[in-house]
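Chemist: Shown below is the structure under consideration.
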Amino acid sequence: MEDHSNRLAALRGRVRGQPLYVSALANIRYLTGFTGSAGHLLVTADSATLFTDSRYSAQAREQVRCADVRISRGDARPELAAAATRLRLKRLRFEANRLDYETYAYLGAELPRCRLMPVRSVVEKLRQIKSPSEIAAIRASLALNSAAFEEVFGSLDSGWSEAHVAAELEFAMRRRGAQGAAFPTIVASGEHGARPHAEPRDLRIEPRALVVVDQGAILEGYCSDMTRMVAVGDPGAAQKALVRAVLEAQAAAIDAIRPGVECRTVDGRARQVLKKTTVAGFRLDELFVHSTGHGLGLEIHEGPRIAPEQRQRLQPGMVVTIEPGVYLEGVAGVRIEDVVAITESGCDVLTSTPRELRLL
């Protein structure tokens, strides 16, 4: 309750006490503790009210201590509009990057004397700085994720398909207490791994080929994210060299992380390492087709972005992934990912699973 009250106070400071309608469920959870799948939050200078429907009557009253709770029999938007009318609001800020157009149009029709004013990422900017308890929750989610990885790859049957391995990983996470996977698990072997967001196939994992394994769990609402490289049999010197190059790039990026450093600098360190290595006539930095990392927490993708042109500076309490990758079409993909918390003096790698290529 104290955390939620402090977060609401910080939000009021950001919007200077002006009324704000919060529609994103992750933001509502962050501000109030409510975990239901339907809700609306109205925050004013001196009050906060959660509107939800009767499916969540007991849950909302149990979870929410720092805001009033209003329960409706169906759609809660009429209650929200009625409250705004009673307060005689002349301006109402809303989350421009989150609100669906249907609700925006509904409020515009129901509140003709109230000007709807868009704001972007106001709650998300607060969420970028994690509290010690949030970092502990992310670490616990990562530990569960790592345990599931060790369980599955400690007993892998070489006849399993990519889809079978992905299903085993998600089942292992669930069995250990996860609410679910943070995203669809990726298991991609051989040339299929050259697709950064490959979907697991109902095909046997290719022997002596690199396998990209990207998995994450949700534990108590907080996400984890980890990518490791596996091979069933020795993939050969050339492919192992790709893994070593990505490992070196990741280490360089992590070494650059400290408070005050721009996100683009961290991204650039990884690219500088890959630029030194050539495969099949390509510099490896030319095969690195995504950003170096992203924040995570209540959602799998949050700010900040560790990417080119991103001049935002890292701050203590931020938690980011560092995941350089190279993708050589027709041959293989390599990505290695860890989660890192920025500290007062540098950073703390929260992922416990060894990064090196695992040969089975």
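The values are calculated or read from the model by the stated rules, or taken from the named source; none is laboratory data. Everything numeric here is computed off the predicted structure, so don't read it as measured data. Quick reminder, even Gly has a Cβ in these numbers, built from the backbone with ideal geometry, and neighbours come from all protein chains shown.
Chemist: Inside the stretch 155-186, can you point out the residues that are charged (D, E, K, R) and either modelled with pLDDT under 95 or within 19 Å of the chain's Cα centre (by Cα) (or both)?
Modeler: D157, E170, R174
Chemist: In the set S141, S146, which member is part of a helix (DSSP H, G or I), in contact with a Phe, Trp or Tyr (Cβ under 6 Å, 6 or more places away or on another chain) and buried (at least 17 other Cβ atoms within 10 Å of the Cβ)?
Modeler: S141
Chemist: Something else about it: Do we find that G295 is in contact with a His (Cβ under 8 Å, 6 or more places away or on another chain) and among the small types (G, A, S) in this structure?
Modeler: Yes; evaluated as a whole, the condition is true for this residue.
Chemist: Further question on the same structure: State the number of residues belonging to the stretch 65-88 that are within 25 Å of N6 (Cβ to Cβ) and part of a loop (DSSP other than H, G, I, E, B).
Modeler: Selection size over the stretch 65-88: 4.
Chemist: Let me ask something additional. Consider R176 carefully, then state whether it is assigned by TED's automatic domain parsing to the domain that holds E323, in contact (Cβ under 8 Å) with a residue 24 or more places away in the chain, among the basic types (K, R) and closer than 17 Å to D338 by Cα.
Modeler: No; evaluated as a whole, the condition is false for this residue.
Chemist: Does E134 satisfy being out of contact with any Phe, Trp or Tyr (no Cβ under 6 Å at 6 or more places or on another chain), of a type in the set (D, E, K, R), touching a residue at least 60 places away in the same chain (Cβ under 8 Å) and in a helix (DSSP H, G or I)?
Modeler: Working: out of contact with any Phe, Trp or Tyr (no Cβ under 6 Å at 6 or more places or on another chain): yes; of a type in the set (D, E, K, R): yes; touching a residue at least 60 places away in the same chain (Cβ under 8 Å): yes; in a helix (DSSP H, G or I): yes.
Against the criterion (out of contact with any Phe, Trp or Tyr (no Cβ under 6 Å at 6 or more places or on another chain), of a type in the set (D, E, K, R), touching a residue at least 60 places away in the same chain (Cβ under 8 Å) and in a helix (DSSP H, G or I)), E134 qualifies.
Chemist: Considering only residues that are in contact with an Asp or Glu (Cβ under 9 Å, 6 or more places away or on another chain) and surrounded by fewer than 24 Cβ atoms within 10 Å (Cβ to Cβ), look in the stretch 322-334 and name the one that is nearest to S291 (Cα to Cα).
Modeler: Among them, the one singled out is L328.
Chemist: Conditions: (1) in contact with a Ser or Thr (Cβ under 8 Å, 6 or more places away or on another chain); (2) closer than 30 Å to Y30 by Cα; (3) crowded, with 24+ Cβ neighbours inside 10 Å. I218 meets all but one. Number of the miss?
Modeler: Result: I218 fails condition (3) only.
Chemist: Residues A48, A105, A82: which one is among the hydrophobic types (A, V, I, L, M, F, W, C), over 26 Å from E134 (Cβ atoms) and surrounded by 13 or more Cβ atoms within 10 Å (Cβ to Cβ)?
Modeler: Of the residues listed, the single one that is among the hydrophobic types (A, V, I, L, M, F, W, C), over 26 Å from E134 (Cβ atoms) and surrounded by 13 or more Cβ atoms within 10 Å (Cβ to Cβ) is A82.
Chemist: Hey, can you tell me all the residues within the stretch 228-267 that are closer than 30 Å to R127 by Cβ, in contact with a strand residue (DSSP E or B) (Cβ under 7 Å, 6 or more places away or on another chain) and surrounded by fewer than 21 Cβ atoms within 10 Å (Cβ to Cβ)?
Modeler: I254, R258, P259, G260, V261, E262
Chemist: Give all pairs with beta carbons closer than 7 Å in which a residue from the stretch 254-266 that is farther than 18 Å from G303 by Cβ meets a residue that is at pLDDT 95 or above and of a type in the set (V, I, T); count only pairs at least 6 apart in sequence or on separate chains.
Modeler: Within 7 Å, the pairs are I254/I322; I254/V340; I254/V349; A256/T265; A256/V266.
Chemist: Check off (1) buried (at least 18 other Cβ atoms within 10 Å of the Cβ); (2) over 30 Å from T343 (Cβ atoms); (3) outside the structural domain of V319 (by TED's automatic domain parsing); (4) within 24 Å of the chain's Cα centre (by Cα) for V152 and give me the number that stays unchecked.
Modeler: Single failed check for V152: (3).
Chemist: Are there any pairs, at least 6 apart or on different chains, whose C-beta atoms fall under 6 Å, with the first in the stretch 275-300 and assigned by TED's automatic domain parsing to the domain that holds Y30 and surrounded by fewer than 17 Cβ atoms within 10 Å (Cβ to Cβ) and the second of a type in the set (D, E, K, R) and in a loop (DSSP other than H, G, I, E, B), and if so, which?
Modeler: Close Cβ pairs satisfying both conditions: none exist.
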